[in-house]
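Student: Dropping the structure in here first, questions after.
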Amino acid sequence: MANLPLRFPNQFRGFSVTASSTNGAPFNTPKSGGPVILELPLEKIRRPLMRTRANDPEKVKDLMASIQEIGLQEPIDVLEVGGIYYGFSGCHRYEAHQRLGLPTIRCKIRKGTKETLRHHLR
């Protein structure tokens, strides 16, 4: 990660800036029951459509460079059904993490039913 010097006028000298790999996303369940942002181990995410699609190698290469420089900016969408995680999008980001040897990836997790899962598999 790059360290960039920042210069502020005197009235902002007491101002602090922090950075997080989660971009400030919460690590707990929102009260609304909506999606949760968490880091998941890559091996815990099932990719049922992975064999049916080919990723653009240049896009994966560009993402690898970006992830190394500034981290993952947009979590992948994951569906949780019965404690099992399924990934249907974010294929290029997922492969970039794999190729970089990163153990986890930031995910936006939504709980779903078996019917929701069947819908995604159609």
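Student: Could you compute the net charge surrounding Leu117? Neighbours are other residues with a C-beta less than 14 Å from the C-beta of Leu117; K and R count +1, D and E count -1. Numbers along the way, then the final one.
Tutor: Working: positive: Arg46, Arg47, Arg110, Lys111, Lys114, Arg118, Arg122; negative: Asp77, Glu80, Glu115.
After counting each charged neighbour, the total is +4.
Student: Would you mind checking the stretch 74-95 for residues with the amide N under 18 Å from a putative spin-label position 7 Å along Cα→C-beta of Thr116?
Tutor: 75-90
Student: Testing the spin-label approximation: label points 7 Å from Cα along Cα→Cβ at Asp56 and Lys44. State their distance in nm.
Tutor: It is 3.1 nm.
Student: Hey, which aspartates and glutamates would be in cross-link range of Lys108, C-alpha to C-alpha under 19 Å, not counting anything within fewer than 8 residues on its own chain?
Tutor: By straight Cα distance, Lys108 reaches Glu39, Glu43, Glu74, Asp77, Glu80, Glu95.
Student: Something else about it: Take the Cα of Thr104, step 7 Å along the line toward its Cβ, and report every residue of the stretch 55-80 whose backbone nitrogen sits under 19 Å from that point.
Tutor: Within reach of a label on Thr104, which here means backbone N under 19 Å from a point 7 Å along Cα→Cβ, the stretch 55-80 contributes 67-80.
Student: Here's something else I'd like to know. Can you give me the long-range amide H partners of Phe88? Hydrogens built in the peptide plane at 1.01 Å from N, cutoff under 5 Å, separation of 5 or more residues or another chain.
Tutor: Those lying under 5 Å, H to H, from Phe88 are Leu79.
Read the figures in this text as sums done on the coordinates, not as results from a lab. What you see is a predicted model; the values in this text were computed from it and never measured. Using ideal geometry, Cβ is built from the backbone for each residue, glycine included, and neighbour counts are taken over all protein chains shown.
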